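Enquirer: I have a structure I would like to understand better, so I am pasting it below and will then ask my questions one at a time.
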Amino acid sequence: MAAPPGWPYSPDGRFWWDGAAWQPVQPPPPLGSPAQQNLGVPPPPGSPAQRGVTVPPPPGPAATGHPSIASPWPQTPGPQAAQPYAVQQGPPYAPPPDAGAPTPTGVAPQGRRRGTAAFVLVTVGTMIAALALGGVTGAAVGLATTEPVTDASAPSFPGRFPTAKQRYLPKVTVDMVAVNWLQAANSWTCAKSAAPDPLTGARMGMICRPSDAARLHMSVFIWYDGPDKVMSVMADCKLGVRAKACTSLFAKMADTLLSPDRTLRAKAETWAGENADRAAVTAIGGIRLQTSPRPHRMEAVPAI
């Protein structure tokens, strides 16, 4: 079998490389043979083949094979085997750019590009779905944690940066709540605590409860830094929503906290009585009042 044009030959010209193994070079048919007659290609005039004489291959560098394949034939000098003239006329070997170079993963470059594009599309789709799901979840959480709705107008924003004095309920003292309202008027008992409150940061606390059986269901908590530095007052009632005792407790607490201002105490008491059984919030006279049905309580903090 003759070598196709462009394939490498061995140094002695007797074999050619087919990409997998060395194959012997088949000599052309003899002059006047039926094969030559069928081809219809006469030898060139005056050539050695026409005269029936074989000549060694012309001197020159031996043909080189594939760069990554070493020739198995010895490179010792010696008489070259006589080869037909037509065998020595093969074109020089110029391997294609990617001939015989296996892909690292056995996948064609075009297949890898398609695989990469598909991976990018899947990744982008997953990110978009995650962002959409996060937005829906955030909206649901925002609706579930919204401040209680009330018909009261929002308090005015302070014209200057809040000071340390604004951390306390304006004009409210510990004696006003614990002594005058709970102990003297309702016969409650109060106990002090020197432990700081982790929520408000107050240095001291006090808890007051009634003396009768209701003491297990009603309580008032006071957190403060000093006798006239009250940070928070909270009334808790476990008798249930719509219980008259709870409504009265919340209304009387609002009246007590706003008692220094005669024009606002009635407004605060009315608001607390109307909103004792629902979630609501308002600000009156620098005090922020907030009610909650579960747990059933009302809390007063500075309206900063």
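Enquirer: Out of (1) part of a helix (DSSP H, G or I); (2) of a type in the set (Val, Ile, Thr); (3) more than 23 Å from residue 166 (Cα to Cα), what's the single condition that is false for residue 241?
Expert: (1)
Enquirer: Please find, among 245, 266, 280, the residue that is assigned by TED's automatic domain parsing to the domain that holds residue 168 and within 45 Å of the chain's Cα centre (by Cα). Before you say what the answer is, go through the steps one by one.
Expert: Details: 245 fails: within 45 Å of the chain's Cα centre (by Cα); 266 fails: within 45 Å of the chain's Cα centre (by Cα).
Unique residue meeting the criteria: 280.
Enquirer: Which of the residues that make up the range 249-279 are touching a residue at least 24 places away in the same chain (Cβ under 8 Å), surrounded by fewer than 20 Cβ atoms within 10 Å (Cβ to Cβ) and farther than 18 Å from residue 176 by Cα?
Expert: Hits for the range 249-279 are 273, 277, 278, 279.
Enquirer: Would it be correct to say that residue 256 is part of a helix (DSSP H, G or I), closer than 27 Å to residue 166 by Cβ and touching a Lys or Arg at 6+ places or on another chain (Cβ under 9 Å)?
Expert: yes
Enquirer: Kindly provide the set of residues from the range 197-235 that are at pLDDT 90 or above, among the small types (Gly, Ala, Ser) and under 20 Å from residue 296 (Cα atoms), ordered by number.
Expert: Filtering the range 197-235 down to residues at pLDDT 90 or above leaves 202-210, 217-235.
Add one more test, that the residue is among the small types (Gly, Ala, Ser), and what stays is 202, 205, 219, 226, 232, 235.
Correct list: 219, 232, 235.
The values are calculated or read from the model by the stated rules, or taken from the named source; none is laboratory data. Note that the structure is predicted; figures quoted are calculated from it, not measured. We place every Cβ from the backbone using ideal geometry, glycine too, and count neighbours over all the protein chains shown.
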